[in-house]
Structures are given as structure tokens and as C-alpha cells.
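J.: My structure is below; once you've seen it, I'll send some questions.
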Amino acid sequence: MQTKETKTIMKSIRTLSILVALMGVVHIIATFSPLIGGKLACIDTGTYWAMIYMSLMCGLLLIVLGWYVAWAIGKTAEHQILKRTTLIATTTLLVDGVLAVIFMSHNPFAWTIGVMCVAIFILNTIHNANK
């Protein structure tokens with residue numbers, strides 16, 4: 001039996017995780033904006049492709065982990081293995097969010113991702129402690 005507090009925490013985690021996944025989609029779309037405008041023509045080809053790869057992988061990480069946590073959070077009581085994998089996913093999101101703020105402190109997108117990822121990690125920690 002889940003308490004009202006547990007349900008609220010799970011709903012918050014799910015909502016934030018879906019938002020993180022959607023921010024990943026925005027990140028991938030934003031990767032192509034400079035390409036269309038030709039703003040990356042000044043960098044060499046190797047750096048250009050490395051930057052595209054890293055940007056796409058960062059967006060994909062947000063999408064995959066965001067959707068995974070949103071899917072798994074409601075199933076951790078029934079399937080204990082999901083508790084550990086969800087902890088790994090939320091810890092990875094935490095690292096990604098903190099590093100986004102460290103490396104792009106001028107970027108509001110980084111701060112948004114950072115705050116959401118820290119919140120997901122904290123809420124997941126509280127959720128696991130309540131069990």
C-alpha cells in the first residue's frame with residue numbers, strides 16, 4: 001500500500017523525468033540550428049563532427065534516461081531490480097545536470113536541466129528511503 005506522500009513523490013519524479021526527456025528532444029533540435037544557419041563553418045571538420053556527436057549523445061542521454069525513470073519509478077515496489085537501475089539512472093542524470101551547469105553556467109538550458117536532474121535525484125533518494 002502506497003501512502004499519499006509516496007504517490008506524490010512518484011508523480012513528481014515521473015513529471016520531472018518526462019520534462020527532462022522533452023528537454024533532450026529540444027537539445028537535439030537545437031543541435032541542428034547552427035548547422036542550418038552555417039554558424040559552425042569556422043571550425044575544422046574533425047571538431048565539427050565531434051561537437052555534433054557529443055551534442056546529439058547528450059540529448060539522447062536525457063531522452064533515454066528521462067523516459068526510463070518515468071517508466072520505472074512506479075514499478076520499483078514490485079520489481080526490486082528496478083530500484084537499483086533507477087538509482088543508476090538518476091545518479092547519471094545528477095552528474096549530467098551538475099556538469100551542464102559547471103560547463104555552461106551562462107546557459108539557461110543548462111540551469112533548467114541541472115535543477116530538474118538534482119530534484120529527480122533527491123526525490124528518488126527520498127522515495128527509496130521510504131520503503
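The values are calculated or read from the model by the stated rules, or taken from the named source; none is laboratory data. Source: prediction; values computed, not measured. Counting neighbours? That spans all protein chains shown, and the Cβs are built from the backbone with ideal geometry, glycine included. Only protein heavy atoms, including side chains, enter the accessible area calculation; ligands, DNA and RNA are left aside. Shrake-Rupley method; radii C 1.70, N 1.55, O 1.52, S 1.80 Å.
J.: Inspect all residues belonging to segment 74-86 and state whether any of them is hydroxyl-bearing (Ser, Thr, Tyr) and in a helix (DSSP H, G or I).
T.: yes
J.: Still on this structure, I have one more. Can you tell me which of Trp111, Trp71 is free of Cβ contacts under 8 Å to residues at least 12 places away in the same chain and surrounded by 15 or more Cβ atoms within 10 Å (Cβ to Cβ)?
T.: Unique residue meeting the criteria: Trp111.
J.: Follow-up. Going through segment 27-42 one residue at a time, which ones are modelled with pLDDT under 75 and assigned to a loop (DSSP other than H, G, I, E, B)?
T.: Selection gives Gly38, Lys39, Leu40, Ala41.
J.: Also: If I ask for residues that are open to solvent by 50 Å² or more (accessible area, probe 1.4 Å) and of a type in the set (Val, Ile, Thr), which ones from segment 86-108 would you list?
T.: Ile88, Thr91, Thr92, Val95, Val98, Ile102 - these are the residues of segment 86-108 that are open to solvent by 50 Å² or more (accessible area, probe 1.4 Å) and of a type in the set (Val, Ile, Thr).
J.: Select from segment 1-33 the residues that are loosely packed, with under 15 Cβ neighbours inside 10 Å and among the basic types (Lys, Arg) and write down the one among them that is nearest to Thr90 (Cα to Cα).
T.: Taking the candidates together, the pick is Lys11.
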